[in-house]
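One structure below.
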Amino acid sequence: MSEQVAWVLLKRYGIVFKRLLEREGISIPWRLFLRVYHRLEARGEIRGGRFVAGISGEQFALPDAVGMLRAIRRQGAQDSMISVSAADPLNLVGVITPGNRVSSHTSNRVLYHDGVPVAALESGETRFIVELSRTMEWKAKAALMRKATPPQLRSYLQRPA
């Protein structure tokens, strides 16, 4: 059972470490996962090492995840803003980053700028996680408030007049 959960975590995050269990609320202790991950590493199915800076303890990753991290590091900043639901597993604010957590309700949102959490929308209020310029604050608020456009409406809106 713990091996199945261990694989689910690896497939969800790509890289797994003890602090991720806090986000998941899993009752299986980390020491059981360690046994599974050590076994998988010995078989060559996953990799062990230090992949996420600032996280202490053992970390385990899918081989593809390591390559993706290296590619992202080589790319550098893309100036992209991505807003996700706070209920999404990508909401790791306060788990692997300093500061308060963003509660995982579907109406709450987290905004990432080049992969770094910069703002959160909780209970209709915008909270900035890092200090931003006035222009960036405005862009962040707009990105957090933006609603997804249904595909049918999106194709209609993109038609030439």
Within region 118-149, restricting to residues that are loosely packed, with under 15 Cβ neighbours inside 10 Å and small (Gly, Ala, Ser), the one that is farthest from the chain's Cα centre (by Cα) is Ser133
Taking the stated definitions as given, is Val16 in a strand (DSSP E or B) and either surrounded by 13 or more Cβ atoms within 10 Å (Cβ to Cβ) or modelled with pLDDT under 95 (or both)? yes
Report whether or not Val84 is among the hydrophobic types (A, V, I, L, M, F, W, C), in contact with a Pro (Cβ under 8 Å, 6 or more places away or on another chain) and closer than 26 Å to Ala143 by Cα. no
Using the structure shown, decide if Ser27 is touching a Gly at 6+ places or on another chain (Cβ under 9 Å) and hydroxyl-bearing (Ser, Thr, Tyr). no
Within region 19-48, can you find the residues that are out of contact with any Leu (no Cβ under 7 Å at 6 or more places or on another chain) and part of a loop (DSSP other than H, G, I, E, B)? Gly25, Ile26, Ser27, Ile28, Pro29, Arg43, Gly44, Glu45
Within region 10-34, can you find the residues that are over 22 Å from Pro98 (Cα atoms) and free of Cβ contacts under 8 Å to residues at least 24 places away in the same chain? Ser27, Pro29, Arg31
Residues that are over 21 Å from Ile15 (Cβ atoms) and touching a residue at least 60 places away in the same chain (Cβ under 8 Å), at least 2 per element: which strands (runs of 3 or more DSSP E) completely within region 49-126 meet that? 81-85
Whichever residue in region 76-117 is over 15 Å from Val130 (Cα atoms) and charged (D, E, K, R) and, among such residues, is surrounded by the most Cβ atoms within 10 Å (Cβ to Cβ): Arg109
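The values are calculated or read from the model by the stated rules, or taken from the named source; none is laboratory data. What you are looking at is a predicted structure, and each value in this text was computed from that prediction instead of being measured. Heads up, the Cβs are rebuilt from the backbone with ideal geometry, glycines too, and the neighbour counts pull from every protein chain shown.
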